[in-house]
Amino acid sequence: MAPPLRRAEPWLVALHRAHHRDLVRLATLLVDDQGSAEEAVQDAYVALARRGPAGVEDPEAYLRTAVVNNARSALRKRRVRRNHLRSIQRDRAAPGADQAVLLDEDARRVLAALDELSGRQREVLVLRYWADLSEAEIATALGISAGSVKTHAHRGIAALARILEAP
């Protein structure tokens with residue numbers, strides 16, 4: 001494995017100046033997402049830098065091919081994530097045969113109301129009331145500030161109250 005770059009190599013800087021914008025445009029057209037496109041291009045430049053100036057016959061062509069391959073990879077990952085989320089939603093929509101027996105009516109209403117909350121609100125409330133975590137522990141688990149935990153908890157509880165009070 002090649003050592004990490006310590007400073008930008010002149011040949012790489014020249015390639016970057018000449019082709020970066022076009023490569024990002026290409027990747028954006030392929031993945032339809034600016035952030036993913038920039039990441040695909042960055043990964044292509046990193047791979048080229050690791051190979052070095054003598055490691056590639058045509059650096060321009062190498063970059064183009066790498067960007068297309070990285071974009072394809074990003075699309076595959078996106079498709080897998082979407083399929084996984086659909087699978088989870090289908091599983092939620094199809095309760096087990098014993099669920100009605102195990103949960104009383106109030107518990108079913110609360111669980112249904114939780115499903116209507118935003119993902120972050122649901123996460124905070126479940127971690128607080130089911131896992132019995134403190135605000136600091138929730139903040140660490142979710143990678144957010146304690147203030148955000150308080151905000152999501154407050155808004156989540158208010159939304160639950162509105163949902164559960166609705167006829």
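Each residue in segment 2-44 was checked for being part of a helix (DSSP H, G or I), of a type outside the set (G, A, S) and within 22 Å of A74 (Cβ to Cβ), and 20 pass. If only residues of segment 106-129 that are in a helix (DSSP H, G or I) and small (G, A, S) are counted, the one that is most open to solvent (accessible area, probe 1.4 Å) is A112. I'd like the full set of residues that are farther than 26 Å from A107 by Cα, outside any loop (DSSP other than H, G, I, E, B) and among the β-branched types (V, I, T), limited to segment 130-153. If the condition is that a residue be farther than 26 Å from A107 by Cα, outside any loop (DSSP other than H, G, I, E, B) and among the β-branched types (V, I, T), then T140 is the only one that fits.
Residue count for segment 54-68 satisfying the condition of being open to solvent by 60 Å² or more (accessible area, probe 1.4 Å) and touching a residue at least 12 places away in the same chain (Cβ under 8 Å): 2. The requirement of being surrounded by 13 or more Cβ atoms within 10 Å (Cβ to Cβ) and closer than 22 Å to R79 by Cβ is fulfilled nowhere in segment 45-53; no residue meets it.
With respect to being at pLDDT below 90 and within 28 Å of the chain's Cα centre (by Cα), L63 falls outside the description.
The values are calculated or read from the model by the stated rules, or taken from the named source; none is laboratory data. Everything numeric in this text was worked out from a predicted model, so none of it was measured. Using ideal geometry, Cβ is built from the backbone for each residue, glycine included, and neighbour counts are taken over all protein chains shown. SASA here: full protein model, heavy atoms, side chains in, ligands and nucleic acids out. Shrake-Rupley method; radii C 1.70, N 1.55, O 1.52, S 1.80 Å.
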